[in-house]
Amino acid sequence: MGLFDSLKKAFSKPYQTISVAQAEELLGSGATLIDVRSAQEWRTGRAPQAKHVPLDRLQTSTTGINRNKPVIAVCASGVRSASAARLLAAQGYQAYSVRGGMAAWRQAGEPVR
C-alpha cells in the first residue's frame with residue numbers, strides 16, 4: 001500500500017452519508033433506523049420505523065442493534081447521526097448517517113409520528 005492509499009484510508013469516513021431517499025431504499029431492504037436525538041426531541045416527531053437510541057446511550061452500549069443488518073442513524077440535522085454512524089462503523093456495523101436529519105426527512109414528505 002502506497003503513501004496515498006494509507007492517507008486516503010486514514011482520512012476516509014468509515015460510514016456513508018446518505019439522502020432520505022437512499023435511507024428509505026435501505027429500510028425497504030431490511031436496514032434498521034435509529035434516532036439518536038434526546039427524549040425531548042424524539043417526542044416532537046419521529047420516523048415511524050425508528051428505534052430510539054440516544055447518542056449518549058449509544059456511546060456506552062449497542063445492545064439491541066442487530067450487527068447483521070445495515071444501521072441508519074438520524075438526528076435533527078445530521079451532526080449527531082454522523083457521530084453515531086462513525087461509532088457504529090468502528091464497532092463493525094455497516095453504518096449510515098442521514099444527510100440533513102429529521103429536517104430533511106420532513107422536507108422530503110416522509111411520514112412522522
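Compute the relative contact order of segment 57-107 as a whole-number percentage, counting only Cα pairs closer than 8 Å that sit 6 or more residues apart in sequence. Intermediate values should be presented prior to the final figure.
Details: 71 pairs, mean separation 19.9, N = 51.
Relative contact order comes out at 39 percent.
Placing +1 on the Cβ of each Lys and Arg and -1 on the Cβ of each Asp and Glu in the chain, which of 33, 98, 53 has its Cα farthest towards the positive end of the resulting dipole?
Farthest along the dipole direction, towards plus: 53.
Could you give the length gained by full extension between residue 113 and residue 42, i.e. 0.36 nm per residue of separation minus their alpha carbon distance, to one decimal place? Walk me through the numbers before you get to the answer.
Details: separation 71, 0.36 × 71 = 25.56 nm, distance 0.98 nm.
The residue 113-residue 42 span can extend by a further 24.6 nm.
Of 89, 77, 107, whose Cα points farthest to the positive end of the dipole of segment 1-110 (charges on the beta-carbon: +1 Lys, Arg; -1 Asp, Glu; origin at the Cα centre)?
Checking the options against the dipole of segment 1-110, the answer is 89.
Tell me which residues come under 5 Å, amide H to amide H, from residue 33 once H is placed; ignore anything under 5 positions away on its chain.
Long-range HN contacts for residue 33: 51, 72.
Which of 48, 14, 70 ends up with the largest GNM mean-square fluctuation for the chain, with Cα atoms connected below 10 Å?
48
Taking the Cβ-Cβ separation of residue 59 and residue 21 as r and a Förster radius of 41 Å, what is the calculated FRET efficiency to the nearest 0.05?
Numbers: r = 29 Å, r/R0 = 0.70.
It comes out at approximately 0.90.
Can you tell me the FRET efficiency between residue 67 and residue 29 if r is taken as the Cβ-Cβ distance and R0 is 22 Å, rounded to the nearest 0.05? Provide the component values of the computation, followed by the final result.
Values: r = 17 Å, r/R0 = 0.75.
Calculated transfer efficiency: 0.85.
On the protein heavy atoms, probe 1.4 angstrom, tell me the percent of accessible surface of the chain carried by carbon and sulfur. Please report the intermediate quantities before stating the final value.
Numbers: 3310 of 6380 Å².
In the chain, the share of accessible area belonging to carbon and sulfur is 52 percent.
Assign unit charges at the C-beta atoms only (+1 for Lys and Arg, -1 for Asp and Glu), then state the dipole size of the chain relative to its Cα centre in Debye, rounded to the nearest 20. Write out the running numbers ahead of the final one.
Values: 15 positive and 7 negative charges, 37 e Å.
Charge dipole, the chain, about its Cα centre: 180 debye, nearest 20.
Here are a few candidate values for Cα extents along the principal axes in Å: (i) 41, 38, 20; (ii) 43, 31, 24; (iii) 50, 29, 24. Which one was actually calculated from the structure I just gave you?
Among (i) 41, 38, 20; (ii) 43, 31, 24; (iii) 50, 29, 24, the one derived from this structure is (iii).
Suppose only helical runs count, i.e. DSSP H with n ≥ 4. What mean residue ellipticity at 222 nm does that imply for the chain under -39500 (n - 2.57) per run, divided by all residues and rounded to the nearest 500 deg cm²/dmol?
Numbers: 6 runs with 46 residues, N = 113.
For the chain, the value works out to -10500 deg cm²/dmol.
The values are calculated or read from the model by the stated rules, or taken from the named source; none is laboratory data. Bear in mind that the values here come from a model prediction, so they are computed numbers and not experimental data. FYI the Cβ positions are ideal-geometry reconstructions off the backbone, even for glycines, and counts take in every protein chain you see. When the accessible area is computed, the model is the full protein with side chains, heavy atoms only, and any ligands, DNA or RNA have been set aside. Shrake-Rupley method; radii C 1.70, N 1.55, O 1.52, S 1.80 Å.
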